[in-house]
Amino acid sequence: MTVGIDKIGFYTPGLALDLVELAQVRGDEPDKYTIGIGQSVQTIVPNYEDVVTMGVNAAQKILTDADREQIEMVVFATESGVDNSKSAAVFAQKLLGLSPFIRTIEMKQACYAGTYGLMQARDFVALHPGKKVLVIAADIARYGLATPGEVTQGAGAVAMVVSDDPAIAEIATDSVYMSRDVADFWRPIDSTTALVDGHLSTDVYKEMFLTLWQRYQDQTGMKLSDLAGFAFHLPYTKMGKKALDQIMDQVDADGQAFLRAQLAASQVYNRQVGNLYTGSVYLALLSLLKEGDLQTGQRLGVFSYGSGAEAELFSLKLSDGFDQVVAQQDVAGMLAHRQMVSVAEYEEIFNSQLFDSAVDSQSQAPAGTGLCQFLGWQSGERQ
Ligand code: CAA
């Protein structure tokens, strides 16, 4: 029996900011943003969206009635949850109309948690053939106005259905992973913006990729030329290039040109959305599946990294007809239909969502955004 990704869907809110405009207002060279960092457009989150609304919207794009009956577990990966106690997966279960007789759980380990969810899903389905698991990876990446991280903000959600006989790709049981306590990125409980040592985080990401790639080769006997490309966690698109460049000398010139083209294909959507933390690597995967040069039976590498830090490297084997399944997702159309906002409008929206006691002790939590607004709650009210 093969187990893997049967469906994959993506959602990002309908507002966006042109990063050339942001660079001009911040007094930076636009090329630093678009080439040096590799981001062109950033999703802006309106006040009526949060990780639950984004995650549910992503899942709505892929779920059929049959899926709803067969889903026996929802794993919701996020580091921007709406409640410090209740799982976002419970809200998703209700909003998606799933059975009450299922498990629901929220996972957190920075940008890595979606991969943990995917592996839990694979193991569950392997033990329970015929059942399905819904994995949602949704986040809002927020660093602060005029900070170095600002250009790498973004938001969105990826939803995946994991099943046996998967239509998109088998998840191989070849994972290598590692964890190490590093203070490269963190978000205090009372802060809506992340604190980050950006250059350290880039170094740790590169180092963990190299370490795991060597370990992966030792344990599996695979070579770089055995892979038809990588889906990297892309906090910004240049990050994937920085990781891949470290091992490019393991293939010849043609191999390098091929892998660079596949990397470019994996970066198309992330470049226009920004970071979506847990969902970022799976948006890169969707981008590679839709925009890359791929064939049935080929193997892709997936590198997942979460600051703090934890990383995992594994492979996917493409199923027969995967291209027809992913063709149903019109990501380019969704991105093209976003409404562009000015830098002033973005700043107003950003400030209205800020309630960092560390940043501004006078500011208050907004009186109900996103899911709270949807359910008609007021801030502080319990149901
Ligand atoms: N034209 C072209 N390129 C230019 C340029 C110009 N005019 N000006 C500068 N550049 C290039 C620089 O040479 C540099 O390239 P290299 O990295 O290849 O050397 C690049 O633009 C960025 O320049 P800086 O390093 O000077 O930029 P910065 O100090 O403002 O910070 C950053 C960049 C560290 C990525 C920052 O945006 C940041 O902190 N982002 C958030 C943290 C992050 O994303 N970390 C990634 C790893 S952690 C992770 O993966 C988990 C997660 O999701 C957060």
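The values are calculated or read from the model by the stated rules, or taken from the named source; none is laboratory data. Treat the numbers as computed from the prediction; the structure is a model and nothing was measured. Glycine also receives a Cβ, built like all others from the backbone with ideal geometry; neighbour counts cover every protein chain displayed. Only protein heavy atoms, including side chains, enter the accessible area calculation; ligands, DNA and RNA are left aside. Shrake-Rupley method; radii C 1.70, N 1.55, O 1.52, S 1.80 Å.
Data table
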quantity	calculated
Qualifying residue in segment 110-128 (condition: assigned to a strand (DSSP E or B), under 24 Å from PHE209 (Cα atoms) and at pLDDT 95 or above)	yes
Cβ pairs under 9 Å, 6+ apart, first in segment 329-353 and aromatic (Phe, Trp, Tyr), second in a helix (DSSP H, G or I)	TYR346/LEU22
Residue satisfying all of: in segment 29-67; charged (D, E, K, R) and loosely packed, with under 15 Cβ neighbours inside 10 Å; farthest from the ligand (Cβ to nearest atom) among these	ASP65
Selection count where residues are more than 16 Å from the ligand (Cβ to nearest atom) and without any contact (Cβ under 8 Å) to a residue 40 or more places away in the chain, scope segment 93-124	13
Scope segment 171-195; condition out of contact with any helix residue (DSSP H, G or I) (no Cβ under 9 Å at 6 or more places or on another chain) and outside any loop (DSSP other than H, G, I, E, B); matching residues	SER179, TRP186, LEU195
Output for segment 156-177, where each listed residue is within 18 Å of the chain's Cα centre (by Cα) and on the phi > 0 side of the Ramachandran plot	GLY156
Residue list for segment 151-186, filter: touching an Asp or Glu at 6+ places or on another chain (Cβ under 6 Å), within 16 Å of the ligand (Cβ to nearest atom) and open to solvent by less than 40 Å² (accessible area, probe 1.4 Å)	ASP184
Test: THR2 is out of contact with any Ser or Thr (no Cβ under 9 Å at 6 or more places or on another chain) and away from the ligand (no atom under 16 Å from the Cβ)	no
Matching residues in segment 192-226 - criterion: being over 14 Å from GLU312 (Cβ atoms), more than 16 Å from the ligand (Cβ to nearest atom) and surrounded by 18 or more Cβ atoms within 10 Å (Cβ to Cβ)	LEU224
Filter result for the condition that a residue is away from the ligand (no atom under 14 Å from the Cβ), open to solvent by less than 60 Å² (accessible area, probe 1.4 Å), more than 21 Å from the chain's Cα centre (by Cα) and over 22 Å from LYS290 (Cα atoms), over ILE247, ILE189	ILE247
Subset of segment 268-288 [open to solvent by 10 Å² or more (accessible area, probe 1.4 Å) and either in a strand (DSSP E or B) or over 23 Å from SER80 (Cβ atoms) (or both)]	VAL268
Test: VAL90 is open to solvent by 20 Å² or more (accessible area, probe 1.4 Å), among the aliphatic types (A, V, I, L, M), part of a loop (DSSP other than H, G, I, E, B) and in contact (Cβ under 8 Å) with a residue 12 or more places away in the chain	no
